[in-house]
Amino acid sequence: MRRMFFLSALLLVATPVTADEQVALTLQNHKFTPAEIHVKANKPSMITMINKDATAEEFDSTALKVEKVVAGNSKGNIRIRALAPGRYPFMGEYHAGTAQGVVVAE
Amino acid sequence: MLSALLIVFREVIEAGLIVGIVLAATQGVPRRGMAVSGGVGAGVLGACLVAAFAGELAALFQGNGQELFNASILLLAVMMLTWHNVWMASHGREMARELKAAGHEVVTGKRTLAALGVVVGVAVLREGSEVVLFLYGIAAQGGTSNAALLAGGALGLGAGAVVSALMYFGLLTIPAGRLFQVTSGLITLLAAGMAAQAVLFLQNGGYIEAMTGTVWDTSWLLREDSIPGRLLHTLVGYVEAPNGAQILTYLGTIVVILVLMRLVGKPSLRPRPQPAE
């Protein structure tokens, strides 16, 4: 089982599946803009997070099942699975006081 | 300060619980201190490297480097834990008897020490790189709150170490004969949880597209980002809303480890150990 996944991981390195919908998310002064992201329900999407701060931030969401570190002054792609309609909060884990946002699937 | 305390505490218990289980599992094995502290040292060093090159790492493989890296080191840990359990299944009984007999020096467990050192290293590497990035962020920010935040971090480190130590000493109160059963059970669940986590990283990287739908949701009962939720996540792989692939991997890993332990541990397949003198 594990080996199977490991092998499939190796095989698929060159061909990640592209998501349908792309949304840009900017982090500046440890705040997300837009703080509310709207995506279509039941369809995968991709958030491109642009970190304009000098320090790294971790896009963290238990609801979205995502943990991704985006280094300072760089970009990161965050894949969002097909979501049932609803609100899915996320945060920047290193500045949870200010870096808060929510993905709304509708 | 409270946020620094919490974030460091969370990461430290996640790595610390694993170190505690490894220490309990290697009870009585000579030179285990070296393997474990070597693992911690290598993990801390690796964490600094991962943090320093976080941007470069993320950019690899069309932006999926981080997901692949996380999945690979988790799967490496799963393999090491499996090997340890399978090895112990064939030698655990001798070890337990010798421990009970008269504190004989036990040497059998030595073989998997290096593997468990790797597991410790991987755990510290994963959780440590987050702490490094977080603390670096604080240091780079400047301002008057630095001292308070660093004090919070230090308190979090201390509290995390205390919880991990409690876990370790709690395990030690189990009689030696049963300790191996308990630790091999814990290690099986630990490995299953790690394998499921690895699958999640592969899904987030877009490498596994099947069975991504949530199967059940127990967030009303226990939130995964609460402290008890985090503890259970590390120990037994608790996930509040697992998807199909995670559940299958979790169960599959348990089955594979149990079957391997059965096969290797069968008394008929190996010469009967001579009783210790």
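The values are calculated or read from the model by the stated rules, or taken from the named source; none is laboratory data. Quick caveat: nothing in here was measured; it's all calculated off a predicted structure. Methodologically, a virtual Cβ is constructed for each residue, glycine included, from the backbone with ideal geometry; neighbour enumeration extends over all protein chains shown. Only protein heavy atoms, including side chains, enter the accessible area calculation; ligands, DNA and RNA are left aside. Shrake-Rupley method; radii C 1.70, N 1.55, O 1.52, S 1.80 Å.
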Projected-area average for chain B over all orientations - Cα convex hull basis, square nanometres: 16.2
Could you give the dipole magnitude of the protein assembly as shown about its Cα centre, charging the beta-carbon of Lys and Arg +1 and that of Asp and Glu -1, in debye to the nearest 20? 1300
GluC sites (Glu not before Pro) restricted to the stretch B:194-257 and DSSP loop, no more than 16 other C-beta within 10 Å: B:Glu209
Between A:Arg87 and A:Val104, the two model label points (7 Å from Cα along the beta-carbon direction) sit apart by a distance in nm of 0.9
Quick calc, chain B, dipole around Cα centre from Cβ unit charges on Lys, Arg (+) and Asp, Glu (-), nearest 20 debye, gives 1160
Grab the Cα-Cα distance for B:Asp225 and B:Leu260, subtract it from 0.36 nm times how many residues apart they are, and report the gain in nm with one decimal. 9.3 nm
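What value, in deg cm²/dmol to 500, does the helix sum -39500 (n - 2.57) over DSSP H runs of n ≥ 4 give at 222 nm once divided by the residues of chain B?
Rounded to the nearest 500, the figure is -26500 deg cm²/dmol.
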Would you mind giving the total buried accessible surface between chains B and A, with a 1.4 Å probe and ligands, DNA and RNA left out, rounded to the nearest 100 Å²? 3300
Dipole of the protein assembly as shown, positive direction: furthest Cα of A:Asn73, A:Val103, B:Val215, with charges on the beta-carbon: B:Val215
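What FRET efficiency would be calculated for the residue pair B:Val236, A:Lys75, taking the C-beta separation as r and a Förster radius of 41 Å, to the nearest 0.05?
It comes to 0.70.
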Between B:Thr218 and B:Ile174, what's the calculated FRET efficiency when r is the beta-carbon distance and R0 is 30 Å? Round to 0.05. 0.55
